[in-house]
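Heads up, the thing below is written out as structure tokens.
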Amino acid sequence: MATAELTSSRLEELLGDEADALLNHKSTTLDASQLHLPGPDFVERVFVQTDRNPQVLRNLQALYDHGRLGGTGYVSILPVDQGIEHSGGASFAPNPLYFDPENLVRLAIEGGCNAFASTLGILGAVSRKHAHRIPFIVKLNHNEFLTYPNKYDQIMFSSVQRAWELGAAGVGATIYFGSEESGRQIVEVAKTFEEAHRLGMFTVLWCYLRNSAFKKDGTDYHLAADLTGQANHLGVTIEADIIKQKLPETNGGYIALNSDGVSYGKTNDLVYSKLTTDNPIDLTRYQLINCYLGRAGLINSGGASSGQTDLAEAVRTAVINKRAGGTGLISGRKAFQRSMDEGVELLHSIQDVYLNEQITIA
């Protein structure tokens, strides 16, 4: 097993003023003993009980056994679907060598990742050379970003059969929960995940919220713990094996959306008085609670590239995810919108958080 290269002093430096609040926080919401936490035996302890067939279990184990975090129960995944979601120019102009899929796979491998998640085109371009070297996750649907005016709808670009043929270990998809199109997307992705499991591939769901009404009185509730938590709960309902979610930045989305005489959804006061606090670790733990108390792993996204603060932001997200009980990080733009060496260093720093035995579950 790899050893952590990120020193404690460097970790505290990167966390800055939040170091004490994040590293020493003790959660009083839901005790960690009630969660299904990551570990070397996670597949045997959790997934063997499920309806997943032996091929799915084998591919999940391959995911958990690969890369620098292999054997820990944690994962570090490099995702690259931004060429469609944000345009190739916006994504790869900062480092044009990544227009070539070969270099993206090289970044994932040299970066010590558990898996590489990308589009059919990118993975298909290099599958015969690399599908046996690192687990592939084919992202099957995307938000096509060229129609004028821009619209936001996840549509299928490929099929489970094609993902299986190129040697993928898993498939991924996005649902825009809360959008007008979410009903169709739920049906499409549920059928897709059923077929993926039948063919032996694990499933990863990007559980994102999208609705202009989720921005209210100057606060963006797309990142509210209560709303994203419910998105996660819908995701595990269609048997996502891993949930990808953005790190929560606020709470009380249901409360805000039920003001001014409007009736929206349902919640419970205990969500806010007992199951969450203002600490980001507790807000993230609520996201995990909605993943069947961790039976489906929660991975948080690394977010957009901010430049010089990328490393600190990525490490902060990793600390919050790990201490909440999460399974790892999926970070793309922060890694590939810089030089190869710097990208590898950033990915290794994320992984070092999960390798550091002093960073424990809160």
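Of the cross-linked pairs LYS139/LYS191; LYS139/LYS334; LYS191/LYS334; LYS139/LYS274; LYS191/LYS274, those separated by over 26 Å at the C-alpha level are LYS191/LYS334; LYS139/LYS274; LYS191/LYS274.
Relative to the Cα centre, the charge distribution of the chain, modelled as +1 at Lys and Arg Cβ and -1 at Asp and Glu Cβ, gives a dipole magnitude of about 760 debye.
Tell me the mean residue ellipticity at 222 nm calculated for the chain from its helices only (DSSP H runs of n ≥ 4, each -39500 (n - 2.57), averaged over every residue, nearest 500). Present the calculation step by step, with values, prior to reporting the outcome.
On the way: 16 runs with 147 residues, N = 362.
Roughly -11500 deg cm²/dmol at 222 nm, from the helical runs in the chain.
For the range 32-187, the calculated P(r), taken from all Cα-Cα distances in 10 Å bins from zero up to the bin holding the longest distance, is 10, 33, 35, 19, 3, 0 percent.
Could you compute Rg(Cα) / (2.2 N^0.38 Å) for the range 241-362, with N its residue count? After normalising by residue count via 2.2 N^0.38 Å, the value is 1.19. Solvent exposure of the range 102-163 amounts to 44 Å² per residue of accessible area, where only protein heavy atoms count and the probe is 1.4 Å. Pair-distance distribution of the range 27-110: all C-alpha pairs, bin width 5 Å, starting at 0; shares per bin in whole percent are 3, 12, 16, 14, 13, 13, 13, 10, 6, 1. Legend: calculated FRET efficiency, GLU5 to THR237, from the Cβ-Cβ distance at R0 = 45 Å, rounded to 0.05, equals 0.70. As a length-normalised measure over Cα pairs under 8 Å and 6 or more apart, the relative contact order of the chain settles at 21 percent. Each other residue within a Cβ distance under 13 Å of VAL75 adds +1 if Lys or Arg and -1 if Asp or Glu, for a net charge of +1.
Could you order the peptides 290-301, 156-167, 256-267, 272-283 from most to least packed, using the average number of other C-beta atoms within 10 Å per residue? The partial results should precede the final answer.
Numbers: 290-301: 22.3, 156-167: 17.1, 256-267: 12.5, 272-283: 18.6.
Those peptides, ordered most packed to least, come out 290-301, 272-283, 156-167, 256-267.
For the chain, the extents of the C-alpha atoms along the principal axes are 55, 48, 44 Å, listed from largest to smallest. Find the centroid of the Cα atoms in the range 217-264 and in the range 83-120, then give the distance between the two in whole Å. Their Cα centres are 29 Å away from one another.
The values are calculated or read from the model by the stated rules, or taken from the named source; none is laboratory data. Predicted model only: the values in this text are computed from it and were never measured. Backbone-built Cβ (ideal geometry, glycine too); neighbour counts: all protein chains shown. In case anyone asks, the SASA skips ligands and DNA or RNA and just uses the protein heavy atoms, side chains included. Shrake-Rupley method; radii C 1.70, N 1.55, O 1.52, S 1.80 Å.
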